[in-house]
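Data first, discussion second: the structure below is written as structure tokens.
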4 protein chains.
Amino acid sequence: MQNLTESQMREIAESRAASSPTRRPISEGLEAILFEPSPVLDKGFVRVVDYMGDDNAVVQGARVSYGRGTRAVQSDRGLIRYLMRHRHTTPFELCEIKLHVRAPIFVTRQWFRHRTASINEYSARYSVLEREFYSPDPAGIAAQSASNRQGRGEAMAPEDAARVVAMLRDDAARCYDNYLWMLNEDETGAPVDPERPGVARELARINLPVGIYTQFYWKVNLWNLLRFLSLRADPHAQYEIRAFADAIAGMVRAWVPAVYEAFGDYVQNATTLSGQATALLRAALGSAEKIDPAGFNLSGRELRELLDTVPELRNRIVSGG
Amino acid sequence: MQNLTESQMREIAESRAASSPTRRPISEGLEAILFEPSPVLDKGFVRVVDYMGDDNAVVQGARVSYGRGTRAVQSDRGLIRYLMRHRHTTPFELCEIKLHVRAPIFVTRQWFRHRTASINEYSARYSVLEREFYSPDPAGIAAQSASNRQGRGEAMAPEDAARVVAMLRDDAARCYDNYLWMLNEDETGAPVDPERPGVARELARINLPVGIYTQFYWKVNLWNLLRFLSLRADPHAQYEIRAFADAIAGMVRAWVPAVYEAFGDYVQNATTLSGQATALLRAALGSAEKIDPAGFNLSGRELRELLDTVPELRNRIVSGG
Amino acid sequence: MQNLTESQMREIAESRAASSPTRRPISEGLEAILFEPSPVLDKGFVRVVDYMGDDNAVVQGARVSYGRGTRAVQSDRGLIRYLMRHRHTTPFELCEIKLHVRAPIFVTRQWFRHRTASINEYSARYSVLEREFYSPDPAGIAAQSASNRQGRGEAMAPEDAARVVAMLRDDAARCYDNYLWMLNEDETGAPVDPERPGVARELARINLPVGIYTQFYWKVNLWNLLRFLSLRADPHAQYEIRAFADAIAGMVRAWVPAVYEAFGDYVQNATTLSGQATALLRAALGSAEKIDPAGFNLSGRELRELLDTVPELRNRIVSGG
Amino acid sequence: MQNLTESQMREIAESRAASSPTRRPISEGLEAILFEPSPVLDKGFVRVVDYMGDDNAVVQGARVSYGRGTRAVQSDRGLIRYLMRHRHTTPFELCEIKLHVRAPIFVTRQWFRHRTASINEYSARYSVLEREFYSPDPAGIAAQSASNRQGRGEAMAPEDAARVVAMLRDDAARCYDNYLWMLNEDETGAPVDPERPGVARELARINLPVGIYTQFYWKVNLWNLLRFLSLRADPHAQYEIRAFADAIAGMVRAWVPAVYEAFGDYVQNATTLSGQATALLRAALGSAEKIDPAGFNLSGRELRELLDTVPELRNRIVSGG
């Protein structure tokens, strides 16, 4: 699986086999998958290595802040939805998760822009990096190019995509071979030619491409994780980081199902309308006549984005200009 | 115990009675005390309500960042001490703890200046605050005043301290009575006089003294918690927050004993010497003659602080000025 | 003005009189009001004491991240609106402001929950607090109580409100007198009775009400300031902190007018609809018939909140249940 | 200078030529160098593009927190040194600086681990990266250190170093040529062969080495900047990021000279001794006899590190085992 060594697989199996009694709340959903790597892209993975809290921890945290004042019987699910709807963020911060991730460097560069998290990354100053490079799927290259280039040029033919894959692979292989030659070490860090001095690891690595895989521990609270998902499990995110975000979203669903449902309804599938767009929509709902959008002070781009979100509005406005 | 109601005590006992199997690492030391309130001051408490990680999580986090590069057998304790000595902070961030605290408002105002933590506090906008005020121990009033006032005036006589305690208590009682009168509610939030309109809770509370107790959940990672302890379990901290910090320090010792030991050696009991102080110390060690501190460019205050820290230096320098 | 002493007024006038040439961008709007205290509540104020950046700094920051890729001529205003609409937050972080605030302690307790800011507060451990307490306007007491209590009891009569004001004032005065007595100091910190030992300042202050005024410097970046405004210049915020937020909003408008306009359109006056609410709205727009909301899986509370936001929807749905 | 284009140089000159009057405090030292790029490594630079505050802002911030309680005349320099000595960090947070940096990606990966800062980076998803790669100076190419796993050891022979430089350059050139071929664009982003579809920018860049230069805006407060310098202008830091830190240190010295001096004395040139090391040192100072370190519970490594810091101690201890 995903190029893990046998000894790594064995370590994971041993971790999974152990069990201890705890007084802490547990999440059945996460216990079932704990430590198990979930494959992402061609050689990456995400696995949960620790967690704290569950749906109930959010409720419990919120009720400290409401205390005795809330007496009405209110379902936990309803409270979680209320907190999400009104962006009361602190109760969601009371859950925490720790992931172990293998991802290409260019993905981590986007990932680590999320500042409120704890990171421990494998160090290329101390260690020899593994010979693992991201090699995109040819079908993906064509699709990403088509959407990213917004129609400039033709769609990419399969043979062109294959050529790109080969080019990326050859560049990576040559750079990695040269990296080892400069180090004068093999992939395990063992010296090769005792007569020749090796280049310092921190320097030899500078020609390695950003497509090389690295590893890190990432610990984050639930609110910041949801913020990560809202940006990275989004169609505007680059495909490669989205693949990781999608895998993590599945873990969040297993961990805190009520929170995840509320997040879907109030964040991921929600619509935010500007003051102007709201006014236009209300006018359209309140009138039998078609509405002239010109009076609502939306720019062309803003109107187009609104019509993408609410296509039913097209038949309710005067098309013009 | 500490003015907890019977139903609160029962809830805690029930939480402690429950146990589930988990694949996560556990801390025996924390499991033993989980949920149990530890009394602080006259009516406050701290209790651990959840945690994540242990000593080994720090080691494991650090080894991701060392990866294959570290092959020498190295004791976990030695690695933890190395990380602490060189302030490699990120592995310590991989442990997390959640506390439930009851403390006076003036203590929370110092506490919440530590920004990197998650807080959910009981809300005085929505709920009626409890009739619980901090009443200092008379012996403490005398001691704090003597050290804080740096000898201004005489030591405080027992009867003066008793008078201060009574004054604080009477002010608090009167303000609280007036608070309930303004609310037109009793302590449980039940209306008193149906004919008379009550003041909004958010407003009625503005005459309550900062000595009133409040409650909050506090979730923080181990590194930020150690930073909190280094500032608040310190002789310069106000006695009242130090009492909480000392209680928490005992919990950290139970949780991550190797980290706590390293923290004691390299942070709490460590000495930091300025460049000038280091030069003076080295000169004193390297010479049989007494050294004239005048040549080392320390201010009078800096020299005094150094001699407090290293009193043996007094006999090695030329006293003058 | 707002109980500033003459020497404080003179210091402010002197600061305002000085001028230096700078190569940095300046904001005409903020230069005009720099250092000038803007009164808030009965004895509080906010004043801008330093700032960095302007509307253009946001544009410039964003264009580094787009670099050569953006070639189309695009108005700065359009770019700022685009960034706000899509919550591209980092360019807004490039502006910074520093405020000097005098506010009651219960207001600062809400204020300092915003963690990503720098605070330096006047210390009651080392200094004698001023005899300044917040005294609410009687009309405000009645209004807040009516809305906050959700109609429990009658509206508050003027004489009841006056009685509340008097009660708050008397409690505060008595507590402050006792505070000075315990300190055995006057308001300037000068000793009163040399024969009698005083209580430590850190301890004597514990019976002071949370309505007492304190002072602090607050430095924050523009994005976090907008986040503060979105929560605190909101009808759900307590009146007293809203008064400060409203004063600050005026300063932001003077500082970065294009950002402030976009913030109004895309955050303050914007509407966020859940996935379910969006579906219902689209159905209503797309159909000539009335829609039955039962099929859209909104709770009663969610539907009520939606109808408050988009009242025109009432006539487009089947009322029932 | 550093591969800036003529139009970039002209823009910088124009920015420097402009001047406006401001009521804000200014730093003469920074005004003199504002906008001017300071060269770092072969093609990088750092330049200050905005700032807020000066030495006096630190003093002013601290005095809010001491308020009326501090009456003794105390020089600003003394107060700054006191704050630094006792790690009172918040007054230092009141100064802010914004830098524009061009640095290799592997340097930014270390840089951005400092989380409390605002970053806007040139985007390789939307823009074509420039053909600028870090090419180390042959004299700086060193072997892996044998003693220090993180560092560089001996310099390599000139012919070996030249071969490494050539290898890095050739790999970079080939990868960049292939990058442009995949994009089917030239360096300005203009299409090359209209018949051939190009690869998405976000994907074509994945074979670019981590030695390629990128650009970013970095805004940070003074305290976090000093923390950055304490870690990155340190002999243990990688040479390449140290070159940037050293350049920035010079800017900080020009900006806040009193703070920079205190930082040197109390942080950069300071020594931190563990509890055990302090005890050993005190024993050595207090005794005419040589001391046996065995009784002080230092590990071999800890004792070696102490003797490196305080070499005069060697003659005061019993050497043994």
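The values are calculated or read from the model by the stated rules, or taken from the named source; none is laboratory data. Values in this document were obtained by computation on a predicted structure and should not be read as measured data. Heads up, the Cβs are rebuilt from the backbone with ideal geometry, glycines too, and the neighbour counts pull from every protein chain shown. The accessibility values were calculated without ligands, DNA or RNA, using every heavy atom of the protein model including side chains. Shrake-Rupley method; radii C 1.70, N 1.55, O 1.52, S 1.80 Å.
Under a Gaussian network description of chain D, with springs only between Cα atoms under 10 Å, the residue in D:162, D:172, D:233 that fluctuates furthest is D:162.
Label points for residue D:309 are taken 7 Å from Cα along Cα→Cβ. From this copy to the others they lie 1.0, 5.7, 5.7 nm apart, shortest first. Taking a probe of 1.4 Å and counting only protein heavy atoms, give the total accessible area buried between chains B and D in Å², rounded to the nearest 100. Its buried surface, counting both partners, is about 3300 Å².
Taking the 0 to 90 degree range and rounding to the nearest ten, how far is the long axis of helix C:239-255 tilted relative to the main principal axis of chain C, both from C-alpha atoms? Value to nearest ten degrees: 70. Taking every Cα-Cα distance in the range B:275-316 and sorting them into 5 Å bins from zero, the calculated P(r) comes out as 5, 26, 39, 25, 5, 0 percent.
Relative to the globular-protein estimate of 2.2 N^0.38 Å, the Cα radius of gyration of the range B:90-171 stands at 1.54. Inter-copy label distances for residue D:126: 3.8, 3.9, 4.6 nm (label point placed 7 Å from Cα along Cα→Cβ; shortest first).
Each Cα pair under 8 Å and six or more residues apart adds its sequence gap; the mean of these over the residue count of chain A is a relative contact order of 21 percent. Projected onto its three principal axes, the C-alpha set of the range B:1-133 covers 59, 36, 25 Å, listed from the longest axis down. The mean sequence distance of close C-alpha pairs (under 8 Å, at least 6 residues apart), as a share of the length of the range D:275-316, puts its relative contact order at 46 percent. Largest GNM mean-square fluctuation across A:284, A:200, A:249, computed for chain A with C-alpha springs under 10 Å, falls on A:284.
Just tell me how shielded C:134-145 is by partners: mean number of partner chain Cβ atoms within 10 Å of each residue's Cβ, no decimals. Can you show the working numbers first?
Details: counts 3, 1, 4, 0, 0, 0, 2, 5, 3, 1, 6, 11.
Taking the mean over all residues of the peptide, I get 3.
Compactness ratio for the protein assembly as shown: Cα radius of gyration over 2.2 N^0.38 Å (N = residue count) comes to 0.96.
Label sites at residue A:319 and residue C:86, each approximated as a point 7 angstrom past Cα along Cα to Cβ, lie 2.6 nm apart.
The residues of chain A expose, per residue, 40 Å² of accessible area to a 1.4 Å probe. Remark: spin-label model distance residue C:166-residue B:261 equals 6.8 nm, labels positioned 7 Å along the Cα→Cβ axis. When chain A is turned onto chain C, its residue with the beta carbon nearest the axis, and that distance in whole angstrom, is A:272, 2.
Net charge near residue B:18, counting Lys/Arg +1 and Asp/Glu -1 over other residues with Cβ under 10 Å of its Cβ? Here the count lands on +2. Largest first, the three principal axis extents of the alpha carbons in the range C:172-293 are 88, 37, 19 Å in whole numbers. Based on the Kirkwood radius over alpha-carbon pairs, what value in µm²/s does the Stokes-Einstein equation return for the translational diffusion coefficient of the range A:102-223 at 37 °C and 0.692 mPa s? After rounding, the answer is 196 µm²/s. Between residue A:56 and residue A:253, full extension at 0.36 nm per residue minus the direct alpha carbon distance yields a gain of 69.5 nm.
Peptide D:281-288 is shielded by partner chain Cβ atoms: per residue, an average of 5 of them sit within 10 Å of its Cβ.
Taking a temperature of 10 °C and a viscosity of 1.306 mPa s, what whole-number D in µm²/s does Stokes-Einstein yield for the range D:138-207 with Rh from Kirkwood over alpha carbon pairs? Each step should come with its number before you reach the end.
On the way: Rh = 14.7 Å.
Rounded to a whole number, D works out at 108 µm²/s.
With its label point defined 7 Å out from Cα along the Cα-to-Cβ axis, residue D:192 lies at 3.1, 8.5, 8.6 nm from the matching points of the other copies, in increasing order.
Cβ-Cβ distance of residue D:312 and residue B:307, R₀ of 22 Å, FRET efficiency by 1/(1 + (r/R0)^6): the value works out to about 0.70. Among B:235, B:37, B:21, the largest mean-square fluctuation in a Gaussian network model of chain B (Cα springs under 10 Å) belongs to B:21.
To the nearest 10 degrees, how steep is helix B:300-309 against the longest Cα principal axis of chain B, on a 0 to 90 scale? With both axes taken from Cα atoms, the answer is about 90 degrees. The portion of the accessible surface of the range A:275-316 made up by carbon and sulfur, rounded to a whole percent, is 47 (1.4 Å probe; DNA, RNA and ligands excluded).
For the residues of D:189-199, the average number of beta carbons from a partner chain within 10 Å of their own beta carbon is 5. Between 0 and 90 degrees, the angle of helix B:275-286 with respect to the longest Cα principal axis of chain B falls at about 50 degrees.
With r defined as the distance between the Cβ atoms of residue C:32 and residue D:20 and R0 fixed at 22 Å, what FRET efficiency is calculated, to the nearest 0.05? If you can, show how the numbers build up before the last one.
On the way: r = 13 Å, r/R0 = 0.60.
Result of the calculation: an efficiency of 0.95.
Each eigenvalue of the Cα gyration tensor of the range C:221-321, multiplied by 5 and square-rooted, gives one semi-axis; in descending order these are 35, 15, 10 Å.
How much of the accessible area of the range A:138-207, probe 1.4 Å, is carbon plus sulfur, in whole percent? Ligands and nucleic acids excluded, carbon and sulfur give 54 percent.
From the gyration tensor of the Cα coordinates in chain D, what semi-axes in whole Å does the equivalent ellipsoid have, largest first, with each one equal to sqrt(5λ)? Could the numbers behind the result be given before it?
On the way: eigenvalues 378, 204, 46 Å².
One finds semi-axes of 43, 32, 15 Å for chain D.
Phi angles across the range A:46-51 convert, under the Karplus curve 6.51 cos²θ - 1.76 cosθ + 1.60 with θ = phi - 60°, into 3J(HN,Hα) values of 10, 9, 7, 10, 6, 7 Hz, Gly and Pro given as x.
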